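Student: Provided herewith is a single structure, encoded as structure tokens, for subsequent inquiry.
The values are calculated or read from the model by the stated rules, or taken from the named source; none is laboratory data. In this text, all values refer to a predicted model and were calculated from it rather than measured experimentally. Counting neighbours? That spans all protein chains shown, and the Cβs are built from the backbone with ideal geometry, glycine included. Accessible surface areas use protein heavy atoms only, side chains included; no ligands, DNA or RNA. Shrake-Rupley method; radii C 1.70, N 1.55, O 1.52, S 1.80 Å.
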Amino acid sequence: MSTKSFDRSHACLFGLETEYAVNGYSKKGDSIDSEEVSLALLEHAVTLLPHLRGLESRRLFLSNGGSFYVDIGGHPEFCTPECTDPKEVVRYAWAGDLLLITLAEDVCRYSRKIGQLRLYKHNVDYASKTTWGCHESYLHFVDPEKLPRYIIPHLVSRILYTGAGGFLLGTYPPKFTLSPRSWFFKSPVSDSTTNHRGIFNTRSEPLGGFGRRMHVILGESLHSHVATYLKIGSTALILLLVERELLSLESLDLLDPVVALHAFASDPFSKSKVPCSGGKFQTALEIQARYLDQVQRYAEADFMPRWAPELCRTWRNMLELLKEGPEAVAGCLDWATRYVFFSKLQSKTRNSIRPERLFSLDLKFSKLSEDGIFFHLDRRCLLNHRLKGVNHPEDALKTPPSDTRAKARGEMVKKLDECRYYCDWEYIAEAKGRRRYNLSDPFATSGEWRENRALPRELA
Amino acid sequence: MEERTRFARREVYFDSEQDLGVSHNAGLEQIRAQASEIEQVLEKIVKVPTEEQARKELLDSQQESGQ
């Protein structure tokens, strides 16, 4: 039996999926196909961690309730378990980085074929002009038709703190942008995640039988903990206000969200104004402040989660710092740390440095190893992106959150024989029998076994 | 896996109780000094690759499109 039934006052639920980039080389130094390298990581995870296999052959569910898999384009991907606190998401995403780094080291050590492996937390490939992302999922109770209007101005303006930073392809000299991935988004709304991506992704699956999942694909993989915390927390709180019809769109409705996104992504000083309904022009900072003012008004309300007031304070601090320009947020935001370096380099070389050299350096920022630039700065304690209470990522690899169905999933992963069961987000099933362990309630911390009418996987 | 973790414990937090400098010039000065320190360290540690090295690095690191 479920130990906790659904309660609207406990309605915040979210998670993060991070697609990594990987390159492998043989012992002789020849390049190896990325998909083959990702599959080597997956197979090593099988030997290293308790797991159940997913319905898809290239997916594992782990004892922390999260999932590790090989996604489209051969990218290794880690998905956090379902969380109710944004600091938990940060901690689990950090655990995902740790997992990937450990797997990469082990594969290089033990593989007969792979001698070197490079791992990046990056979002664009300047050579092949491709992108991959960091997706967010949120439980919500809003009419899906109504949601884009309320959420798009937030997704567009939050790149002030959620942007990874990098260069805009096709510009010479290369122009710095807060969010290189944002330039792959060409329409306000779309259902595609691979082509013609829309700022608002309309993939809206039912979640747990009483809510829906909002799938955000505009985000970028970040090193900054505070940026990930704000990204998840601010979006979740805005959704709570929309659900209760407490969010006013006054001065928020963008006339052209795509143009606004690209204007904001081009402006590290947040001075660009974009047209909103009612004839007003607003900067990204003003739009964010408008959202924050409304959220903060209800931060202590009964329907808000306990972490809302703290999140609002951090959000306010961030917006105040952003008013001071990129230098004030260098060290706590990904894009700004990149910006202080590249602006100086470009000015020193009078913009004569070849694009390839800049792109290569940009890639080095995202490398998850000793010679990665963020990695190095972090080790020297020069960054101030961390959050109090977010620690022990190694524990987060083994232990699920205590207040969502991830707890039930994680416990079953530890207990069940991987040869006899397979797992999905909403259930665990016998491979040969007909019983299913129901996990459909996202807030139930234990599930229940039920007879299933569908054919077992092996017979089907 | 614990003994192999490379993540040292940090003492610097964004959301520490100390003032971030939003309302005090001294705090802002401290933040700017930190930005300048980052710049200096980057200048020291980051070696700008030659055009050939950069091109090879970019070609080597090519990725398929993801989601």
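Student: If you roll a 1.4 angstrom probe over the protein chains with everything in place, what fraction of the accessible area of the protein assembly as shown belongs to carbon and sulfur, to the nearest %? Kindly include the intermediate steps, with their values, before the conclusion.
Tutor: Working: 10050 of 20860 Å².
Carbon plus sulfur share of accessible area: 48 percent.
Student: Over chain A, with the other protein chains present, what is the accessible area per residue in square angstrom, probe 1.4 angstrom?
Tutor: On the way: 16610 Å² over 460 residues.
So chain A comes to 36 Å² accessible per residue, rounded to a whole number.
Student: Which value at 222 nm does the protein assembly as shown reach when only helices count, each DSSP H run of 4 or more adding -39,500 (n - 2.57), with the total divided by all residues and rounded to the nearest 500 deg cm²/dmol?
Tutor: Computed ellipticity for the protein assembly as shown at 222 nm equals -11500 deg cm²/dmol.
Student: Here is a follow-up. Taking the Cβ-Cβ separation of residue A:112 and residue A:316 as r and a Förster radius of 56 Å, what is the calculated FRET efficiency to the nearest 0.05?
Tutor: Numbers: r = 54 Å, r/R0 = 0.97.
Taking R0 as 56 Å, the efficiency between residue A:112 and residue A:316 is 0.55.
Student: Next up: Whose amide H sits under 5 Å from the amide H of residue A:167, counting only residues 5 or more places off or on another chain, with H placed in the peptide plane?
Tutor: A:177
Student: Sticking with this one: Find which of A:410, A:396, A:41 sits farthest along the positive direction of the dipole of chain A, computed with +1 on the beta-carbon of Lys and Arg, -1 on that of Asp and Glu, about the Cα centre.
Tutor: Result: A:41.
Student: Shifting gears a bit: In debye, nearest 20: dipole of the protein assembly as shown around its Cα centre with unit charges on the Cβ of K, R (+) and D, E (-)?
Tutor: 520
Student: How high is the FRET efficiency from residue B:59 to residue A:55, r the C-beta distance, R0 45 Å, rounded to 0.05?
Tutor: Taking R0 as 45 Å, the efficiency between residue B:59 and residue A:55 is 0.80.
Student: In whole angstrom, how far apart do the alpha carbon centroids of segment A:29-63 and segment A:353-431 sit?
Tutor: What the calculation gives is 15 Å, centre to centre.
Student: Take every Cα pair under 8 Å in chain A that's 6+ residues apart, average their separations, divide by the length, and report that relative contact order as a whole percent.
Tutor: On the way: 938 pairs, mean separation 97.5, N = 460.
It rounds to 21 percent for chain A.
Student: Something else: How compact is chain A by the rule of thumb for globular proteins, expressed as Cα Rg over 2.2 N^0.38 Å?
Tutor: For chain A, the normalised Cα radius of gyration is 0.97.
Student: Report the Cα centroid-to-centroid distance between segment A:183-232 and segment A:75-135 in angstrom, as an integer.
Tutor: 19
Student: By per-residue mean of other Cβ atoms within 10 Å, what is the highest-first order of A:329-339, A:276-286?
Tutor: Details: A:329-339: 27.2, A:276-286: 16.6.
My ranking of the peptides, most packed first, is A:329-339, A:276-286.
Student: In nanometres, what is the gap between the two model label sites at residue B:45 and residue A:194, each 7 Å from Cα along Cα-to-Cβ?
Tutor: 3.8
Student: Could I ask something else about it? Work out the charge dipole of segment A:58-206 with +1 on the Cβ of Lys and Arg and -1 on the Cβ of Asp and Glu about the Cα centre, then indicate which of A:155, A:102, A:141 is farthest towards its positive end.
Tutor: Going by the charge dipole, the pick is A:102.
Student: Given an 8 Å cut-off on Cα distances and at least 6 residues of separation, report the relative contact order of segment A:283-390 as a percent.
Tutor: 17
Student: Taking 0.36 nm per residue of sequence separation and subtracting the Cα-Cα distance, how much length would be gained by fully extending the chain between residue A:454 and residue A:352, in nm to one decimal?
Tutor: 30.3 nm
Student: Okay, moving on. Note every residue of segment A:342-367 with a reduction of at least 40 square angstrom in accessible area, all protein chains present versus the isolated chain, computed with a 1.4 Å probe, or write none.
Tutor: So the qualifying set is A:344, A:356, A:357, A:360, A:361, A:363.
Student: Rounded to the nearest 100 Å², what is the buried accessible area between B and A, both sides summed, probe 1.4 Å? Don't skip to the end; give the middle numbers.
Tutor: Values: alone 7650 and 19480 Å², together 20860 Å².
So the buried area, both faces added, is about 6300 Å².
Student: Over segment A:196-325, calculate the relative contact order: mean separation of alpha carbon pairs under 8 Å at least 6 apart, over the residue count, as a percent.
Tutor: For segment A:196-325, the relative contact order is 20 percent.
Student: Just the number, please: percent antiparallel of the DSSP beta bridges in the protein assembly as shown, rounded to the nearest 5.
Tutor: 85
Student: Report the gain in length on full extension from residue A:306 to residue A:246: 0.36 nm times residue separation, minus Cα-Cα distance, nm rounded to one decimal.
Tutor: Full-extension gain reported as 19.7 nm.
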